[in-house]
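See structure below.
The values are calculated or read from the model by the stated rules, or taken from the named source; none is laboratory data. It should be emphasised that the depicted structure is a prediction, and the values quoted were computed from it without experimental measurement. Please note: Cβ atoms are built from the backbone with ideal geometry, for glycine as well, and neighbour counts cover all protein chains shown. Just so you know, the surface numbers come from the protein's heavy atoms only, side chains and all, with ligands and any DNA or RNA stripped out. Shrake-Rupley method; radii C 1.70, N 1.55, O 1.52, S 1.80 Å.
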Amino acid sequence: LFRSCVGLLVRRGVDLVIGALGILKAGAAYVPLDPDYPAERMRYILDDAQVGVVLLQESLESQIDLPASLSRIYFNPAAYDDDPADPPAISVTPQQLAYVIYTSGSTGQPKGVGVAHGPLAMHCRAVAEDYGLQQTDCALHAARFTFDAAVEQWLVPLLAGARLLIGDTGLWSIEDMVAAIRTHGITLIYPPTAPILQLADWASGNAEELPVRLCTVGGEAVARDAVARIHHGLRTQ
């Protein structure tokens, strides 16, 4: 299965989503690659996943030392409008690999975790139903695309027909987060523990009612307490 893997080497933005969807629709599996990876880690993942083709932004090629034997497909946004509107006539089975995410490697070399189309589709449909996502929703995507939970954060809103705001990976101040929520009408957020604590403090001291209705966090007790305070201040689920 890993022989059908395509590397996805793109700076954070809409091209990441376009690239992942394009690879999936072509019947291959995508392997997200962070342009900021150390060269040794990049080479290890490419070799371990047996990546033979990489989809990348041409501007990144001069910055990253890719193997000469690796085939390249470059993004060309100007050509998007010329692409056919109909999906390719390719059959994808539930057992077919959809993507491979590599762990942090804190216990040694990073390990590739493969996820098939069937489990991915069932998970995303269940999450969309549990969250009650509608076309009127807007989700804020802040996780790195190389993080497994990031797939749910971009794919589920799109499957529900909702909007998706891809935030940068820099450190957002609470003022920046609140401004983005207010400006774009964000209704769904997936903040890590530190920002969720800041948002809880903000919600406790401000009377403004933001459009956020759903806040998804990890299982830490401190995060659950923060969500309770946000719920009281923002009236979220």
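Counting only heavy atoms of the protein chains, get the accessible area per residue of region 99-188 (1.4 Å probe) and round it to a whole Å² value.
For region 99-188, the solvent-accessible area averages 50 Å² per residue.
Treating the angle as unsigned and between 0 and 90°, give the value, to the nearest 10°, between the Cα long axis of helix 39-48 and the longest Cα principal axis of the chain.
In the chain, helix 39-48 runs at an angle near 70 degrees to the longest axis.
Give the span of the chain's Cα atoms along each principal axis, as three whole-Å numbers ordered largest to smallest.
For the chain, the Cα spread along each principal axis is 58, 41, 34 Å.
Tell me, what are the semi-axes, in whole angstrom and largest first, of the equivalent ellipsoid of region 16-94 as set by the roots of 5 times the Cα gyration tensor eigenvalues?
Result for region 16-94: semi-axes of 24, 17, 10 Å.
Quickly work out the Gln135-to-Ile90 label distance, labels modelled 7 Å from Cα along the C-beta direction, and quote it in nm with one decimal.
About 2.8 nm, to one decimal.
What order do Trp202, Trp172 take when sorted by accessible area (1.4 Å probe), most exposed first?
Solvent-accessible surface, decreasing: Trp172, Trp202.
Give me the percent of accessible area attributable to carbon and sulfur for region 118-181, probe 1.4 angstrom.
In region 118-181, the share of accessible area belonging to carbon and sulfur is 56 percent.
In terms of the ratio Rg/(2.2 N^0.38 Å) built on C-alpha atoms, what value belongs to region 57-155?
That ratio works out to 1.37.
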